[in-house]
Structures are given as C-alpha cells and as structure tokens.
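Read through the structure below, which is laid out as structure tokens, and then see the notes.
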Amino acid sequence: MKIDVLLGLQWGDEGKGKITDVLTPEYDIIARFQGGPNAGHTLEFDGLKHVLHTIPSGIFHADKANVIGNGVIIDPFTLAKEIRKLRVMGVEPSKNLLISKRAHLIVPTHRLLDAVQEASKGTSKIGSTLKGIGPAYTDKSARNGLRIGDVKSTDFKDKFNAQKKMHFKAIDSYNPEPDWLKIEGMNPDEYEKLWFEGLDYISDIQLIDSEIFINQSLKAGKRILAEGAQGTMLDVDFGTYPFVTSSNTITAGVCAGLGIAPHSIGRVFGVFKAYCTRVGSGPFPTELHSETGERMRKNGNEFGSTTGRPRRCGWIDLPALKYAVMLNGVTDLVMMKADVLDDFEKISICTQYKIGETLYDFPGYETLNSPIKPVLEDFKGWQTAISNYKAWEELPQGFRHYVSNLESVLNVPISIVSLGPNRDQTIIRKSSD
Ligand code: GDP
Ligand code: IMO
Ligand code: MG
C-alpha cells in the first residue's frame, strides 16, 4: 500500500482539518507529520464545531488510529487541554491516539524564547503564533532537544533544567521587558507547574515507534492518510522565508516526519481556498486592502483558529499555486470556501506576477520580496448560494466555469469541492463530472 497525503497549498488555514475528517472513513490511520500547536484544524459536524491543534483530524472516528509522528513537536500543556476537551465530548484518545517516542517537546522556555525573539524584531516580526515552534525545532536541529520518549528516564528532570538554564541565558541576552516573560498570561513558574501536570495527564497515551508502526501497517495493507499542517508557502525551505514556519510542510516532509520511503507516497491532495488568506507578516502578492478584502474576511469568518487574529485576504494566486502543485506532486486538488464568494459580482484570479515590465509564472527567490503587481483576470460571479448543493451537475454554470478554468491552468483535477464548513457540505466529484 501507499500512503496518501493531504496538505495545504497556500499560507495555511485552507480547510485541511475539515477534509481530513471527510476522508477519514476511507482510511485506517491518520497521521500528522510536522508542525505542532501552531496549527488549528476546524471540524464541523452534527451541530458541533471543534478545533484540533496537535491531534490528527481523524480522532472523532473511534475505529481509526491517529498518529502524532516523529516530525511533530508537542507541548504537553496544550495537548492535555486538547485531550481534556475531547473527553468532555465523550471521545477517548487513549484508545486511538498514538504518539511517536521521537517527537520533540516544546518546553515552557521555548515559548518565552519565541516571545522575546518576536518582540525584539519590532516591525519585522514574523507574526509567530508564539507556541514555541521556532525555538523547539531549533533545539531539535542543534541536537539539544528533549523527546517525549525521554520523559520516563531518570535524568529527564536534569536535562530539562539544563535546557531551561541555557534558554534563560539566551532570554536574558534580549534584555526582555517584564511583560514579555509571560506564558498564557502566567509567570513562567506557574506555567511550568501546569506543563508538568499536562505531561502527567497525557501519560496514558501510548508512545510507540511510529515509523515501524506505519511501515508495518502499510505492509499489512492498511490505508494511511498523512495530514499536513500550515501550508506550502509557509514551508521553511520554499515558503516566503523568513516569514515561514520552522518545518517542511510539503510532501517531502512526510518521508522525514513519519519515516517512510519516497516510493511509498500515493495520492497527494492539495487543499486551497477559492481565494487566498494569510495570517502573520510577510509577502502576499494578491492581498486586498479594500472593501472587497473586508468582505472576504466577513463572509469567510477569516479569523485565526489558533490565535483569533484577523486573516489577511486576497484573490487566488495561481503562480503560487502552480509552484505548490509542483513542489508537492499534487494528484488531486481540493477547493474550499467558494461559498464565501457567492455574493461577489466579479471574481478575480491572479495569473502572473508583474515586476516592472517583467512577467513571472512562479514565485522565484527574488520576486516575492519585490513590489509585485498581480496580473488579474476577471470572472463573472455565480451570485447563487451554493452551500446546500449536493451534486456537481446542479452547481451554477459560473461556478463550474471558475473550477474548470483553474483546473486547466493548474493541470490537475479538482476532485473535491467544499461548499461550507460542515462535513456534509462537500462534493466529491466522479471522474465523469
Ligand atoms: P485548516 O487549518 O487548514 O484546517 O483550516 P482552519 O480550520 O484553520 O480554517 C478553515 C476555516 O474555514 C474553519 O473555520 C472551517 O470551519 C471553515 N471552512 C472549511 N471549509 C469551508 C467551506 O467550504 N466554506 C466555508 N464557508 N467555511 C469553511
Ligand atoms: P494550520 O495548520 C496559518 C504562521 C504564523 C506565522 C508563521 C510562523 O492551521 O493551517 P509559527 O508559530 O509557526 O512560528 O509561525 O506561520 N502559521 C500559520 N498560519 N495556519 C497555520 O496552521 C499556521 N501555523 C503557523 O501565523 O506567520
Ligand atoms: Mg488552521
């Protein structure tokens, strides 16, 4: 068997959680391979809305295994909070959640470091979610990290304290203001106590060698879906560096983040919005600062699932999407949130970037940091409420025209369209559609 992949093609928040949940019945195992609590994946079904951060979006299906892979970084405080919330809803993660022993820990001082590093950047700040992502992946790469598999070892507390001491030295070098030294509004000591309580609380979740579990499951014919976090344009290598996250969000990240060979990759579902959003700083060529952008934010409820921050909004960016399709080897496109554009008289798509008199088809090394003028093509809006449509052929002509146009530019079929936040508001197209 091969492992299928589902990931974001833009700057995150494309709707990966919703589609993972929709596709879960087709799989036996759902696995996260990178990122951590910076992610916020929203699921809606049966009148319920739930946001997951570290836990894979298959968790509501009791008969499916959900794996937090070695490439993910874990904050026991936030993971415990997630698990508590699930238990209130009658979901028991100790039954179907498995964590790689090799997954690194986000310690309290990673969050302080994230905060002081951001604050010290002033106007050039990245807009980090302040969950400690950058510092935790830095320690992993620098070989100073602590892994969840280390927690039971007798010298864990010594290692934790040594790391803490080292972090405080670094924090002091930023001459932090007192209010930078808070985590979730708490003093570091208070938070550390809750962090350890969290670690204790999650101790009934099974720790495994997930690379062996995943490979043996593939061999046994199990179907596996790898669920990405963030998006391709936030990838640490190919995104809008330095305004990116600290992991490889692309398909290649699945191999390192779960321990599987490249030839084991099967279908790649690339999820994108019918427009574009970004939260945090950095280049966004099609951003709209107008009433139109405001309308997208309002219609699409574009506020961060993790931080609540308003998301920046703009037209769909085909040069960036083509780049993302190329980097990920996308076999199936999934278009989200077209319903947000239902009342738009005119919908634009960016087909190229213009810098001076030169046109670009892809974001290059220099282009994204130059003043780009997006070349726009206009479409007539469908001006019909599409959220409750159940069949592809019933959808308005204008909508289908928009979809087929994107397909011909991106050269990949759009095999799923999402027409609302609910699990049921999804059309999976037949090959004859
Ligand atoms: P993720 O991080 O990629 O999982 O996406 P988020 O959950 O952060 O953001 C997507 C938001 O859009 C959530 O609030 C979803 O409930 C919502 N959503 C998902 N699909 C649709 C859709 O087709 N239409 C609308 N209107 N909302 C959607
Ligand atoms: P999901 O999985 C949208 C953005 C942050 C910031 C940058 C770096 O829900 O799509 P970090 O905390 O990773 O150091 O922040 O990346 N970012 C996201 N934006 N969706 C996400 O996740 C994100 N995770 C991080 O806003 O600009
Ligand atoms: Mg999100």
**Item:** Failed criterion for THR54 (all others in (1) more than 9 Å from ligand 2 (Cβ to nearest atom); (2) within 23 Å of CYS276 (Cα to Cα); (3) among the β-branched types (Val, Ile, Thr) hold)
**Value:** (2)
**Single condition GLY314 does not satisfy, out of (1) more than 16 Å from ligand 2 (Cβ to nearest atom); (2) at pLDDT 95 or above; (3) among the small types (Gly, Ala, Ser)** = (1)
**Complete:** Checked the stretch 17-38 for anything more than 24 Å from ARG102 (Cβ to Cβ) and either charged (D, E, K, R) or without any contact (Cβ under 8 Å) to a residue 40 or more places away in the chain (or both); matches are LYS18, ASP21, PRO25, GLU26
**Asked** Any idea how many residues of the stretch 84-102 are surrounded by fewer than 24 Cβ atoms within 10 Å (Cβ to Cβ) and in contact with a helix residue (DSSP H, G or I) (Cβ under 6 Å, 6 or more places away or on another chain)?
**Response** 4
**Item:** Unique match (being surrounded by 24 or more Cβ atoms within 10 Å (Cβ to Cβ) and more than 20 Å from THR306 (Cα to Cα)) among VAL22, VAL72, VAL5
**Value:** VAL5
**Asked** Given the conditions (1) at pLDDT 95 or above; (2) surrounded by fewer than 21 Cβ atoms within 10 Å (Cβ to Cβ); (3) away from ligand 2 (no atom under 12 Å from the Cβ), which single one is not true for ALA31?
**Response** (2)
**Request:** Please find, among TYR137, TYR201, TYR174, the residue that is more than 24 Å from the chain's Cα centre (by Cα), assigned to a helix (DSSP H, G or I) and touching a residue at least 40 places away in the same chain (Cβ under 8 Å).
**Result:** TYR201
**Message:** I'd like the residue in the stretch 288-319 that is outside any strand (DSSP E or B) and within 17 Å of the chain's Cα centre (by Cα) and, out of all such residues, is surrounded by the most Cβ atoms within 10 Å (Cβ to Cβ).
**Reply:** GLU302
**Item:** Among (1) within 17 Å of the chain's Cα centre (by Cα); (2) surrounded by fewer than 22 Cβ atoms within 10 Å (Cβ to Cβ); (3) in a loop (DSSP other than H, G, I, E, B) - the single one HIS50 does not satisfy
**Value:** (3)
**Asked** Can you name the condition, by its number, that ALA80 falls short on among (1) in contact (Cβ under 8 Å) with a residue 40 or more places away in the chain; (2) within 13 Å of ligand 3 (Cβ to nearest atom)?
**Response** (2)
**Prompt:** Out of curiosity, is THR277 among the β-branched types (Val, Ile, Thr), within 12 Å of ligand 2 (Cβ to nearest atom), within 16 Å of the chain's Cα centre (by Cα) and modelled with pLDDT of 95 or more?
**Reply:** yes
**Asked** Can you name every residue in the stretch 340-371 that is assigned to a loop (DSSP other than H, G, I, E, B) and surrounded by 12 or more Cβ atoms within 10 Å (Cβ to Cβ)?
**Response** ASP342, ASP343, PHE344, ASP361, PHE362, PRO363, GLY364, SER370
**Complete:** Scanning the stretch 273-287 for residues that are within 16 Å of ligand 1 (Cβ to nearest atom), in a loop (DSSP other than H, G, I, E, B) and either free of Cβ contacts under 8 Å to residues at least 60 places away in the same chain or in contact with a strand residue (DSSP E or B) (Cβ under 8 Å, 6 or more places away or on another chain) (or both) gives ALA274, TYR275, VAL279
**Request:** Using the structure shown, decide if SER124 is within 21 Å of LYS164 (Cα to Cα), modelled with pLDDT under 95 and either out of contact with any helix residue (DSSP H, G or I) (no Cβ under 9 Å at 6 or more places or on another chain) or among the polar types (S, T, N, Q) (or both).
**Result:** no
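The values are calculated or read from the model by the stated rules, or taken from the named source; none is laboratory data. Quick caveat, the model's predicted, so the values are computed rather than measured. So basically every Cβ, Gly included, is an ideal-geometry build from the backbone, and we count neighbours across all protein chains shown.
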